[in-house]
Amino acid sequence: MWSPSVEAPVQDQRRRWERKRERTARELLETEQTYVEELELITKFYDEVFRARCGGLKLAQEGICGTIPSIVKVNRSLLMSLERDMLSSGFQTFSQYLHLYRKHNDCIEATRHMIQVHMKKKKSFARFMKLQESRPEFRGRNLQQLLELPLHRVLRYRHYLVDLVENTFPGSSDSSQLNGALRAVSDLCDHMEEMKELQENHEQLQRVQKLLKGRRVQVLEPGRRYIREGWLSLVPPSGEDVKPRMLFLFSDILLVSVPCHLLHPFNGDKFCCRAIYPLRECQVEKVLGHTQSQGGLISLSFRREKLLFMSTNQQDLNGWYEGLVRTLRTFHKENIKPIRTEASQGHQRVMTELQNSQAARAPKRPHVDPPVNILSPSQEDPLCKRQKTERSEKENSQPEVSEGSGWKCVIL
């Protein structure tokens, strides 16, 4: 039987949920009003004014604000829903237009590059940008910084939706709508974080490419990821003095370089590549430095060479060893393939090609017409008739062998 002592904790829990939900909804409404106002200012001063002044330019037709003019219309509708206390239905409708935020995130770097190029080429455009940035409404922020407002707002939406879902009764209709919106916003946030990591990795590869002397070494390769860089001392096998080397570790290669001469007129601050080692052949082992000592040794074994690197910094040595082990593990995990299936397909392909080549090289027998029997059957010689009969019986007694029967052994 349900007693008041059991009902009281449940009611207290629901009241706490309601208070947290109301607090989150109030904060969401206040920040949404500020956000929509900023989007309207960007659309007014950077999109509408620029199109009105320079409507004939191709840049004005494409726009310099990304998809913000379309985003502001969607967020106005969301703001009206929040003001009417329709959180769940408002976010459910809003989640159907998240493709505008995705498109804005994917094109933001191209928009920034386009703005920088036109600011260098056209002085009138540079004066326009400087005039708009000096407005007090933007508080000293330029257009490149204002373009990031929708991306930051999406991350805040995920935070607000998590709070709303946690403080909504699970069996209600609002809970299902908020959960659907949370999944859509979370997927968009994951995509944005992945794109940000790719952009940061591309910038790191560009930086390393500029640090290297010449253009023979191409660091900018598709699918390559930057891991770390630093100084280590190479221990020669001949017993000479250790040599400092600058190492760049990527997801598929290890690049060993030395600094160029400081007095070089052009490459004084760059590095000269000495060797590139593929991680496919690498085996790493810590020779010294297992305990808390002053540095240690790391052994890298490749197919044709073995390297021994030393460091007097124990923390740096451990970081390099852990980074190498983790990178090798990830590399072999990503590059594993079904070898048996490929080998069987390759064996079958080689067998087919070999059989076709043997059939093509086989000598053709010359065509010989059978002898024409001029005599009638009654006039044939009895000896010839008997020999013909014996030959036909012998041919009938031999088993037929179809072409391609039997088996062949091919040593690959």
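The values are calculated or read from the model by the stated rules, or taken from the named source; none is laboratory data. Here the structure is a predicted model, which is why all the values come from computation and not from measurement. Ideal geometry is used to build each Cβ from the backbone, glycine not excepted, and the neighbour counts take in all protein chains shown. When the accessible area is computed, the model is the full protein with side chains, heavy atoms only, and any ligands, DNA or RNA have been set aside. Shrake-Rupley method; radii C 1.70, N 1.55, O 1.52, S 1.80 Å.
Note that region 213-223 has calculated 3J(HN,Hα) couplings of 6, x, 10, 6, 8, 9, 7, 6, 10, x, x Hz, one per residue in order, obtained from phi through the Karplus relation 6.51 cos²θ - 1.76 cosθ + 1.60 (θ = phi - 60°); glycine and proline are x.
Take Phe248: with every protein chain present and a 1.4 Å probe, its accessible area is about 0 Å².
Were the residues from Ile276 through Leu57 laid out at 0.36 nm apart, the gain over their Cα-Cα distance would be 74.0 nm. When each of the peptides 294-303, 191-200 is scored by how many other beta carbons lie within 10 Å of its residues on average, the order from highest to lowest is 294-303, 191-200.
Shape of region 160-219 from the C-alpha gyration tensor: prolate (a/c of 1.5 or more and a/b above b/c, with a ≥ b ≥ c the square roots of its eigenvalues). Prolate is the label for region 90-209. Its Cα gyration tensor axes, ordered a ≥ b ≥ c, give a/c of at least 1.5 and a/b above b/c.
Couplings 3J(HN,Hα) for region 137-148, derived from phi with the Karplus relation 6.51 cos²θ - 1.76 cosθ + 1.60 (θ = phi - 60°), are 5, 8, 6, x, 8, 8, 5, 4, 6, 5, 5, 8 Hz, where x marks Gly and Pro. Rolling a 1.4 Å probe across the protein heavy atoms gives region 36-150 an accessible surface of 55 Å² per residue. Protection proxy ranking for 117-130, 161-174, using the average of other Cβ atoms within 10 Å per residue and placing the highest first: 161-174, 117-130. Magnitude of the charge dipole for region 159-317, about its Cα centre and with charges confined to Cβ atoms of Lys, Arg (+1) and Asp, Glu (-1), is about 1180 debye. FRET efficiency for the pair His99 and Glu197, taken as 1/(1 + (r/R0)^6) with r the Cβ-Cβ distance and R0 = 25 Å, rounds to 0.75. May I ask you to give the percent of accessible area on region 61-215 that is carbon plus sulfur, with a probe radius of 1.4 Å? Carbon-and-sulfur percentage of accessible area, whole number: 50. For region 230-242, 3J(HN,Hα) computed residue by residue from phi via the Karplus equation (6.51, -1.76, 1.60; θ = phi - 60°) reads x, 8, 9, 9, 7, 9, x, x, 8, x, 6, 5, 5 Hz, glycine and proline entered as x. Here's the picture: charge each Lys and Arg Cβ at +1 and each Asp and Glu Cβ at -1 in region 156-292, and of Leu220, Phe266, Ala181 the one pushed furthest to the positive end of that dipole is Phe266.
Here's how it looks for Leu212: its modeled amide H is under 5 Å from those of Phe271, which are all 5 or more places away or on a different chain.
Each of Thr67, Thr31 has its accessible area taken with a 1.4 Å probe; listed largest first, they run Thr31, Thr67. Take the alpha carbon gyration tensor of region 182-335, find the square roots of its eigenvalues, order them as a ≥ b ≥ c, and report rounded if a/c is under 1.5; if not, report prolate when a/b exceeds b/c, else oblate. Oblate. Close amide H contacts of Leu254 (hydrogens built in the peptide plane, cut-off under 5 Å, sequence separation of 5 or more or a different chain): Tyr277, Leu279. With 21 Å as the limit on Cα-Cα distance, the pairs of Lys58/Lys122; Lys44/Lys130; Lys243/Lys306; Lys120/Lys213; Lys196/Lys333; Lys73/Lys103 that go past it are Lys120/Lys213; Lys196/Lys333.
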